[in-house]
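Before any comments, here is the structure.
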Amino acid sequence: LANASVDWTKFPTSVITLADLGLSRRITDDEKLETRCGSDDYAAPEVIMGQPYDGRATDAWSLGVLLYALLESRLPFDPHPGMSDAHRMRSRTSHRIARVEWRWVEFAGEDGSHEASETKFSEQGLLGAMEITEGLLKRARSRWTIEKVANQPWVRDAIQVEGGIRFRDEDEGQEI
């Protein structure tokens, strides 16, 4: 979680700032990247598989990994508790990422299915976090955008920032 900076001075509503999730240059809307960068634990499937990728979509994936880690206190593609030794030996982390094979552990339902328990999330006021995580940890074609995440009530209504959450139109230098 080296990309998370916590400002405790605002306690009890501390502010967490996320920094560089891997992409450090301007790209056009239709530009595909090919450079493999960042750690495998946070890399999107398309990066792991060496495919050209949209840097914004892979940053969204990395945000999903980070949010999962904050919720579960573990990374989503680490071997999960209960995984057989044989499966653990055959299935490296990069393989699980490429297959988008992850599960809820602490927030799993009682039925053993590893599907999210909406009750557990709701009891802690984290249902929105569950929805966002599940929207981000998907294949690129169905993965949520950062703009969609910013418009979710769990994010939008959490901290009031003067002027709201803003994105910059890099070409124009204008806020959108």
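The values are calculated or read from the model by the stated rules, or taken from the named source; none is laboratory data. Please read all numbers here as calculations on a predicted model, not as lab measurements. With ideal geometry, Cβ positions are generated from the backbone for all residues, glycine too; neighbour counts draw on all protein chains shown.
If you take the residues of region 142-174 that are closer than 25 Å to E31 by Cα and of a type in the set (F, W, Y), which of them is modelled with the highest pLDDT? Among those residues, the one meeting the criterion is W144. Does at least one position in region 26-41 carry a residue that is under 13 Å from the mean Cα position of the chain (by Cα), in a helix (DSSP H, G or I), modelled with pLDDT of 90 or more and crowded, with 18+ Cβ neighbours inside 10 Å? No; the residues of region 26-41 include none that is under 13 Å from the mean Cα position of the chain (by Cα), in a helix (DSSP H, G or I), modelled with pLDDT of 90 or more and crowded, with 18+ Cβ neighbours inside 10 Å. For E101, are the conditions met, namely being modelled with pLDDT under 95, more than 23 Å from E31 (Cα to Cα) and among the acidic types (D, E)? Judged against the criteria, E101 is a match. Could you run through region 94-131 and say how many residues are part of a helix (DSSP H, G or I), surrounded by fewer than 15 Cβ atoms within 10 Å (Cβ to Cβ) and of a type in the set (G, A, S)? Going through region 94-131 one residue at a time, the tally reaches 1.
State yes or no: is R139 surrounded by fewer than 17 Cβ atoms within 10 Å (Cβ to Cβ), modelled with pLDDT of 90 or more and not hydrophobic (A, V, I, L, M, F, W, C)? For R139, the condition - surrounded by fewer than 17 Cβ atoms within 10 Å (Cβ to Cβ), modelled with pLDDT of 90 or more and not hydrophobic (A, V, I, L, M, F, W, C) - is met. Against the criterion of being in contact with a Ser or Thr (Cβ under 7 Å, 6 or more places away or on another chain) and either closer than 22 Å to I146 by Cα or modelled with pLDDT of 90 or more (or both), L21 qualifies.
Scanning region 33-50 for residues that are within 16 Å of R143 (Cα to Cα) and without any contact (Cβ under 8 Å) to a residue 40 or more places away in the chain gives Y42, V47.
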